[in-house]
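Below: the structure, in structure tokens.
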Amino acid sequence: MPLRGGVRRGRRGKPQPVPNNNSNNNNNQNNNYSEAVENAAIATRTRKRKRAAAAAVAAPVEDNIVAAPAAANEIREVRQRGERVLEQPERREQVGERPMDDYSNGGKKVDKATADESSAAPLPERVQVGGSPMYRIEKKLGKGGFGQVCVGRRISGGISNDRNGPGAIEVALKFEHRNSKGCNYGPPHEWQVYNTLGGSHGVPRVHYKGRQGDYYVMVMDMLGPSLWDVWNNSSHTMPMEMVACTGIEAISILEKMHSKGYVHGDVKPENFLLGPPGTPDEKRLFLVDLGLATRWRRNTGLHVEYDQRPDVFRGTVRYASVHAHLGRTVSRRDDLESLAYTLIFLLRGRLPWQGYQGENKGFLVCKKKMATSPEGLCCFCPQPFKLFVEYVVNLKFDEEPNYAKCISLFDGIVGPNPDIRPINTEGAQKLTYQVGHKRGRLAFEDEVDEQPRKKVRMGMPATQWISVYNARKPMKQRYHYNVMDTRLAQHIEKGTEDGLFISSVASSQNLWALIMDAGTGFNAQVYDLSPSFLHKEWILEQWEKNYYISAVAGATNGCSLVVMSKGTQYLQQSYKVSDSFPFKWINKKWREDFYVTCMATSGSRWAVVMSRGAGFSEQVVELDFLYPSEGVHRRWDAGYRITSTAATSDQTALVLSVPRRKPTDETQETLRTSAFPSTHVKEKWGKNLYIASVCYGRTVS
């Protein structure tokens with residue numbers, strides 16, 4: 001069977017003998033500290049009098065949110081007295097992404113508050129900032145999420161008739177309102193970026209800047225049309241040689257920008273401009289709009305740390321990298337992936353994910369990008385484009401791209417004489433000479449010393465079992481899988497008789513999997529098999545009896561299995577069910593000292609249970625449209641361990657935590673298998689590794 005795995009090695013104690021375990025059909029024995037989740041939306045539990053719970057059940061429910069009318073001061077008292085209280089209702093959470101419009105050019109949506117402020121404060125008719133000449137505003141060139149650009153004509157203060165430079169007759173004036181998001185702490189972030197990058201290869205120079213009225217203003221050289229304009233004015237086509245030259249020169253511009261420690265963050269056709277028509281620079285390529293540029297390298301020279309915030313999106317939906325969609329820290333690979341989509345768009349006239357609309361547009365676009373292989377994306381393109389896409393989508397977070405090699409891919413498409421190429425590629429030529437290679441002699445297959453690169457995006461999704469194993473002292477653990485509803489009680493009762501409690505549950509094809517072991521620390525347990533996801537009233541009732549949710553699973557038919565236990569270390573508990581992964585809610589609860597303790601899915605719905613007193617000091621989420629192998633290994637290296645898992649047919653979510661008390665042996669391993677990993681579990685038991693969590697859903701073939 002197909003098998004994938006990962007290992008986090010820690011300090012191991014001496015192996016101890018494993019006690020005799022019974023096995024029978026789909027039964028077997030070993031341990032886990034589990035996770036799961038289900039239903040409606042937000043419910044909370046701490047110790048309180050019965051009438052509070054009764055009021056909670058009777059309280060009106062709003063938008064699939066389970067809540068009770070406890071006052072905020074009552075909740076604060078809970079921390080001191082340890083009473084049981086239910087949280088105040090919260091509004092249904094929205095999709096965790098920055099909404100974007102599908103403009104004809106795929107541009108960013110302007111923040112509404114910023115747009116309203118900007119329109120309320122008209123632009124000045126004349127501009128003079130930072131010792132510049134006086135300019136009269138003549139026409140608007142463009143508008144985006146980080147300001148607007150106008151043509152400024154010099155009316156006083158200059159003596160030359162230059163077309164560019166500080167004394168130019170015509171300049172570009174970029175305005176950003178003082179109340180816009182980019183100016184929260186004074187002048188726009190973009191000013192600082194231009195201070196570092198302005199005038200370097202492919203980046204226009206800023207001659208003056210300052211504030212006038214309600215606006216921060218930059219005075220820059222006037223440039224020519226954007227690549228979007230060229231494409232749009234040529235019946236939505238662009239010659240192959242021009243696209244290849246664009247790729248060559250754009251890679252060299254990004255290399256220079258990256259060498260100075262920055263990534264652009266919003267690479268797209270609209271942000272590549274040619275020089276002014278009729279000038280020696282009319283075939284030069286420039287990259288503009290540095291409002292989203294961020295540092296990939298710290299002042300110490302070290303790479304920025306990896307992180308993922310699924311509720312944060314920066315860029316333009318059409319061209320953004322998959323990592324940007326998923327809220328991962330931006331690095332050099334993301335600029336190159338956006339460039340790859342830009343080139344394919346200019347060449348083919350359309351990308352496969354165009355046309356999605358609505359609130360979850362970002363989710364659908366990202367899903368389509370993940371499901372589109374380099375072969376499928378470049379099916380009508382020359383081979384170099386496919387090789388380029390394949391290379392950039394498989395780059396690691398902190399991997400240094402081989403820019404010269406990427407440039408060399410397009411050598412066979414462009415003409416041999418650089419002087420007659422449609423775009424000036426002088427910067428790219430300098431780059432390839434600097435690294436000591438002769439143009440046209442580089443190919444990805446030339447590398448003899450490198451290990452074969454593992455392809456992570458092949459456009460062939462798969463659903464598999466994901467199982468997580470922790471090192472534990474020898475103990476008794478038992479598993480059951482492919483369990484029908486009618487057989488659940490029999491297996492659970494037999495396990496209870498043998499001193500085992502459920503530590504993890506999962507579902508596949510509307511059949512259940514149970515993990516039971518002797519290492520949970522529970523002293524009593526109840527469960528509920530419900531046709532709904534989750535059974536709110538039953539959960540509230542059990543909370544009143546001092547039970548806490550310890551495991552949860554959902555089936556594709558909408559049913560749920562909720563396990564609640566006594567003897568947990570939890571002090572308070574809350575859960576939420578939503579149509580998308582509720583990271584915003586999770587982030588809010590983290591600030592209240594709650595941690596995710598189990599998760600589940602039912603169809604495309606998510607349920608997340610969070611608890612106070614969970615024994616964690618830090619927690620992060622890895623969310624992806626495939627198994628997030630790179631993220632897991634980076635988190636392992638930082639001291640995190642997987643503590644909750646859940647997956648739909650589209651996405652996998654892993655929660656990783658730092659325990660307050662370090663285990664004696666920190667070893668953790670993961671497996672991905674097409675069938676329940678029964679034979680592998682027995683092998684793990686032989687190494688004192690016990691199932692800690694299991695789920696079924698999206699991985700990758």
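Residue-wise test of (1) surrounded by fewer than 16 Cβ atoms within 10 Å (Cβ to Cβ); (2) closer than 30 Å to residue 613 by Cβ.
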site	(1), (2)
478	no, yes
484	yes, no
490	yes, no
506	no, yes
512	no, yes
523	yes, yes
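Screening 654, 689 for residues that are in contact with a Ser or Thr (Cβ under 6 Å, 6 or more places away or on another chain) and over 21 Å from residue 569 (Cβ atoms) leaves exactly one candidate, 654.
Sub-6 Å Cβ pairs linking a first residue in the range 294-305 that is more than 20 Å from residue 189 (Cα to Cα) and at pLDDT below 95 to a second residue that is open to solvent by less than 50 Å² (accessible area, probe 1.4 Å) and not acidic (Asp, Glu), at least 6 apart or interchain, number zero. Does residue 660 satisfy the criteria of being of a type outside the set (Ser, Thr, Tyr), touching a residue at least 40 places away in the same chain (Cβ under 8 Å) and open to solvent by 10 Å² or more (accessible area, probe 1.4 Å)? Here the answer is yes, as residue 660 does meet what is asked.
Pairing residues of the range 622-640 that are without any contact (Cβ under 8 Å) to a residue 60 or more places away in the chain with residues that are among the small types (Gly, Ala, Ser), at Cβ distances under 7 Å and at least 6 apart in sequence or on separate chains, gives 640/657. Among residues of the range 371-387 that are over 15 Å from residue 406 (Cβ atoms) and among the hydroxyl-bearing types (Ser, Thr, Tyr), those with a beta-carbon under 7 Å from a residue that is open to solvent by 30 Å² or more (accessible area, probe 1.4 Å) and at pLDDT below 95 at least six positions away or on a different chain give the pairs 373/458. Taking the stated definitions as given, is residue 407 open to solvent by 10 Å² or more (accessible area, probe 1.4 Å) and either touching a helix residue (DSSP H, G or I) at 6+ places or on another chain (Cβ under 6 Å) or not β-branched (Val, Ile, Thr) (or both)? The answer is no for residue 407.
Restricting the range 293-322 to residues that are in a loop (DSSP other than H, G, I, E, B) and in contact with a strand residue (DSSP E or B) (Cβ under 6 Å, 6 or more places away or on another chain), the residue that is farthest from residue 338 (Cα to Cα) is 310. Residues in the range 589-600 that are open to solvent by 20 Å² or more (accessible area, probe 1.4 Å) and either in contact with a Leu (Cβ under 8 Å, 6 or more places away or on another chain) or β-branched (Val, Ile, Thr) (or both): none. All of 545, 536 fail the test of being on the phi < 0 side of the Ramachandran plot, surrounded by fewer than 19 Cβ atoms within 10 Å (Cβ to Cβ) and among the basic types (Lys, Arg), apart from 545.
For residue 390, the test of being in contact with a Ser or Thr (Cβ under 8 Å, 6 or more places away or on another chain), in a helix (DSSP H, G or I), crowded, with 19+ Cβ neighbours inside 10 Å and not hydrophobic (A, V, I, L, M, F, W, C) is failed. Among the residues examined, residue 586 qualifies as hydrophobic (A, V, I, L, M, F, W, C) and either surrounded by fewer than 16 Cβ atoms within 10 Å (Cβ to Cβ) or out of contact with any helix residue (DSSP H, G or I) (no Cβ under 8 Å at 6 or more places or on another chain) (or both).
Just one of the listed residues (290, 336) is at pLDDT below 95, open to solvent by less than 30 Å² (accessible area, probe 1.4 Å) and of a type outside the set (Gly, Ala, Ser), and it is 290. Please enumerate the residues belonging to the range 229-264 that are touching a residue at least 12 places away in the same chain (Cβ under 8 Å), open to solvent by less than 60 Å² (accessible area, probe 1.4 Å) and hydroxyl-bearing (Ser, Thr, Tyr). The answer is 246, 252, 262. Yes or no: residue 649 outside any strand (DSSP E or B) and either open to solvent by 20 Å² or more (accessible area, probe 1.4 Å) or closer than 15 Å to residue 551 by Cα (or both)? Yes, satisfied. For the range 118-161, residues that are acidic (Asp, Glu) and either touching a Cys at 6+ places or on another chain (Cβ under 8 Å) or closer than 23 Å to residue 181 by Cβ (or both) total 1.
Against the list (1) among the small types (Gly, Ala, Ser); (2) open to solvent by 10 Å² or more (accessible area, probe 1.4 Å); (3) more than 22 Å from residue 395 (Cα to Cα), the condition residue 638 fails is (3). When the range 303-318 is examined, which residues are found to be buried (at least 24 other Cβ atoms within 10 Å of the Cβ) and in contact with a Lys or Arg (Cβ under 6 Å, 6 or more places away or on another chain)? Listed by number, the list holds a single entry, 316. Residue 206 - would you say it is of a type in the set (A, V, I, L, M, F, W, C) and within 29 Å of the chain's Cα centre (by Cα)? So residue 206 does not fit the description; no.
Contact annotation: residue pairs with Cβ atoms under 6 Å, 6 or more positions apart or on different chains, pairing a residue in the range 354-367 that is assigned to a loop (DSSP other than H, G, I, E, B) with a partner that is open to solvent by less than 20 Å² (accessible area, probe 1.4 Å) and of a type outside the set (Asp, Glu), are 356/365. Checked against the criterion of being of a type in the set (S, T, N, Q) and either in a helix (DSSP H, G or I) or touching a helix residue (DSSP H, G or I) at 6+ places or on another chain (Cβ under 9 Å) (or both), the candidates 503, 574 yield just one match: 574.
Say we look at the range 679-692 and pick out the residues that are in contact (Cβ under 8 Å) with a residue 12 or more places away in the chain and surrounded by fewer than 15 Cβ atoms within 10 Å (Cβ to Cβ); which of these is nearest to residue 634 (Cα to Cα)? Across the range 679-692, the extreme among qualifying residues is 687.
For residue 282, the conditions (1) touching a strand residue (DSSP E or B) at 6+ places or on another chain (Cβ under 7 Å); (2) among the acidic types (Asp, Glu); (3) outside any loop (DSSP other than H, G, I, E, B) are fulfilled apart from (3).
The sole residue among 580, 550, 565, 617 that is among the hydroxyl-bearing types (Ser, Thr, Tyr), open to solvent by 30 Å² or more (accessible area, probe 1.4 Å) and assigned to a strand (DSSP E or B) is 617. Against the list (1) out of contact with any strand residue (DSSP E or B) (no Cβ under 9 Å at 6 or more places or on another chain); (2) in a loop (DSSP other than H, G, I, E, B), the condition residue 541 fails is (2). Checked against (1) modelled with pLDDT of 95 or more; (2) open to solvent by 20 Å² or more (accessible area, probe 1.4 Å); (3) within 30 Å of the chain's Cα centre (by Cα); (4) not hydrophobic (A, V, I, L, M, F, W, C), residue 450 meets all criteria but (1). The set of residues in the range 197-231 being within 22 Å of residue 251 (Cα to Cα) and either part of a helix (DSSP H, G or I) or touching a helix residue (DSSP H, G or I) at 6+ places or on another chain (Cβ under 7 Å) (or both) consists of 197, 200, 201, 202, 203, 226, 227, 228, 229, 230, 231.
The values are calculated or read from the model by the stated rules, or taken from the named source; none is laboratory data. Everything numeric here is computed off the predicted structure, so don't read it as measured data. Cβ sites come from the backbone with ideal geometry, for glycine too, and all protein chains shown count toward neighbours. The accessibility values were calculated without ligands, DNA or RNA, using every heavy atom of the protein model including side chains. Shrake-Rupley method; radii C 1.70, N 1.55, O 1.52, S 1.80 Å.
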